[in-house]
Amino acid sequence: MFSGILWPTLTLGGLAIFFGVVLTFASKKFAVEVDPRVTDIRGHLPGANCGGCGYAGCDAFADAIVKGEAPITACPVGGAEMVNQLAQVMGVTADVTEKHVARVVCCGDKNSAKEKYEYQGIHDCKAAELLAGGSKSCKYGCTGLGTCVKACPFDAIHVVNGVALVDEKKCTACKKCIEVCPKNVIELVPISKQVRVLCKNVEKGKAVNEVCKTGCISCQKCVKTCKFDAIIFENNIAKVDYSKCTNCMMCAEACPTKTIYANFENRKKAHINDEKCIGCTICKKHCNFEAIEGELKGKHKIVSDKCVGCSACHAKCPKKAIEMK
Amino acid sequence: MKIAAILISAILVNNFVLSRFLGICPFLGVSKKVETALGMGLAVTFVMGLASVITWLVQIFVLDLLGIGYMQTIAFILVIAGLVQFVEMVIKKTSPTLYQALGVYLPLITTNCAVLGVTILNIQEKYNLIETLINGIGAALGFTLAIVLFAGVRERLETAPIPKALEGFPIALITASLLSIAFLGFSGLSLFQ
């Protein structure tokens with residue numbers, strides 16, 4: 001009876017030990033030598049294998065970094081923190097770039113852009129594109145069939161009421177959606193920039209108005225409103241120059257068709273720290289909106305109603321007494 | 001003649017996925033694209049062929065000899081897991097190209113029930129070594145055929161307008177069952193006469 005337990009235990013135990021020994025031996029014998037930096041870098045990478053860097057997955061990217069073929073900033077997903085870690089591994093200094101996000105440059109949802117016909121074909125923007133440029137009356141706008149949604153590896157883009165919308169918290173700027181979009185309505189922009197012109201229609205105002213209620217009608221009110229020369233108007237469409245835009249959101253307030261979008265909840269206000277303010281009036285001179293009061297040598301005050309959060313005073317204050325929040 | 005019968009039976013009539021319902025996990029999991037499905041199929045073919053032979057040897061020369069045939073399941077799991085690990089290492093060292101094609105799928109097969117199933121069936125059917133090898137490879141080819149066909153259909157489904165409630169796995173399961181019914185047609189083949 002005892003041997004009935006002993007034999008199976010011994011045999012299976014023996015087999016297990018045999019395989020254990022063989023595997024240990026094999027792992028030594030067949031060990032592939034890898035540059036330790038590759039493993040290190042691979043550990044810091046996000047591991048989503050999205051291909052946003054232009055290489056076939058994170059492993060290939062780690063290889064390319066160590067070989068010196070790829071810059072450490074090529075990964076759009078990891079963000080500044082990861083770039084710093086990679087810089088440490090590689091012993092180089094990183095010039096950190098601001099995080100970008102994809103944004104859909106179209107606001108012609110089902111309420112504002114009409115349908116030309118009822119589309120019943122394959123549920124895919126590229127397929128719809130072949131049929132007279134999609135069912136939406138505006139041929140420049142988002143088709144809304146979600147080819148980008150399928151392409152997004154991070155579940156960061158969804159079609160809401162006929163227009164794709166990017167969830168900026170989830171977006172990693174991997175450019176997958178930009179590549180697949182047949183309409184080219186998705187663009188990468190710095191995440192801190194709040195104002196966006198949501199239209200790509202280059203037709204004249206009347207033609208735009210006929211196809212979409214929220215399209216850019218070339219009225220150029222935004223160009224006149226902007227105090228920072230940050231709106232370029234060409235090809236019958238307004239475009240924000242993000243190197244000049246200060247997030248003051250005045251253009252969004254002025255736009256009659258609400259083509260220019262800005263989330264006013266994110267609008268900042270300047271606050272003057274009374275302890276640091278010396279009453280030099282520099283901020284007052286630089287305010288384009290007459291939102292700062294106060295005399296020379298006296299404490300300055302912000303007129304909250306007038307301040308639009310452009311940060312011009314914040315940048316110019318010699319005493320760093322102005323905070324934006 | 002018997003070998004041909006075993007091969008055709010394993011590929012079509014008793015298809016491992018569609019009529020024996022083994023290896024369903026990779027069948028549903030790795031079948032979103034034809035390319036990956038093919039890679040998985042090749043990896044399974046490779047492992048099943050090897051595992052069939054090795055487990056047959058283990059059964060005859062270890063388990064039967066000691067009269068502990070009832071430990072078959074546990075011993076086979078051990079052998080297959082060890083074997084897959086070993087093969088993975090060898091491929092990684094000797095052929096980086098093959099490793100890139102199969103490497104990702106190998107760990108998935110370690111505990112694949114289709115592999116265990118084919119090895120146990122080999123013993124139950126009292127096959128000799130050649131027949132065992134043929135049955136193993138035939139079963140794997142059947143798996144490959146099923147998963148590639150399924151992946152082809154799923155690629156089409158991606159762009160088809162599917163009712164909201166059936167999107168994703170529900171429609172995949174319906175497709176799988178239809179495929180399975182289609183393969184049922186092969187059961188009319190009488191191979192052993």
Residue list for the stretch B:93-116, restricted to those being free of Cβ contacts under 8 Å to residues at least 60 places away in the same chain, in a loop (DSSP other than H, G, I, E, B) and of a type in the set (S, T, N, Q):
B:Ser95, B:Thr110, B:Thr111
B:Thr119 - would you say it is more than 13 Å from chain A (Cβ to nearest Cβ) and part of a helix (DSSP H, G or I)?
yes
I'd like the full set of residues that are surrounded by 15 or more Cβ atoms within 10 Å (Cβ to Cβ), in a helix (DSSP H, G or I) and facing chain B (nearest Cβ under 10 Å), limited to the stretch A:24-41.
A:Ala26
Need the failing condition index for A:Gly51 against (1) away from chain B (no Cβ under 14 Å); (2) closer than 30 Å to A:Val163 by Cβ; (3) of a type in the set (Gly, Ala, Ser); (4) exposed (fewer than 14 other Cβ atoms within 10 Å of the Cβ), just the number.
(4)
Kindly indicate whether B:Thr45 is hydroxyl-bearing (Ser, Thr, Tyr), within 14 Å of chain A (Cβ to nearest Cβ) and within 19 Å of the chain's Cα centre (by Cα).
no
For residues that are touching a residue at least 60 places away in the same chain (Cβ under 8 Å) and part of a loop (DSSP other than H, G, I, E, B), scanning just the stretch A:140-166, find the one that is surrounded by the most Cβ atoms within 10 Å (Cβ to Cβ).
A:Gly141
Which one of A:His44, A:His100 is over 30 Å from B:Val62 (Cβ atoms), more than 14 Å from every other protein chain (Cβ to nearest Cβ) and modelled with pLDDT of 85 or more?
A:His44
Of the residues that make up the stretch A:211-221, is at least one surrounded by fewer than 16 Cβ atoms within 10 Å (Cβ to Cβ) and under 23 Å from A:Cys307 (Cβ atoms)?
no
Meets criteria (under 19 Å from the mean Cα position of the chain (by Cα), away from every other protein chain (no Cβ under 14 Å) and touching a residue at least 12 places away in the same chain (Cβ under 8 Å)) for A:Gly108:
no
Kindly indicate whether B:Val90 is in a helix (DSSP H, G or I), under 15 Å from the mean Cα position of the chain (by Cα), farther than 30 Å from B:Leu178 by Cα and of a type outside the set (S, T, N, Q).
no
Within the stretch B:59-90, residues of a type in the set (A, V, I, L, M), under 16 Å from B:Asn122 (Cα atoms), more than 7 Å from chain A (Cβ to nearest Cβ) and surrounded by fewer than 19 Cβ atoms within 10 Å (Cβ to Cβ) come out as B:Ile60, B:Ile77
Failed condition for A:Thr11, given (1) of a type in the set (Ser, Thr, Tyr); (2) in contact with a Leu (Cβ under 8 Å, 6 or more places away or on another chain); (3) not in a helix (DSSP H, G or I)
(3)
Is it the case that A:Thr11 is more than 10 Å from chain B (Cβ to nearest Cβ), more than 30 Å from A:Pro190 (Cβ to Cβ) and of a type in the set (S, T, N, Q)?
no
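The values are calculated or read from the model by the stated rules, or taken from the named source; none is laboratory data. Quantities reported herein were computed from a predicted structural model and do not represent experimental measurements. Reconstructed Cβ throughout: ideal geometry from the backbone, glycine too, with neighbour counts over all protein chains shown.
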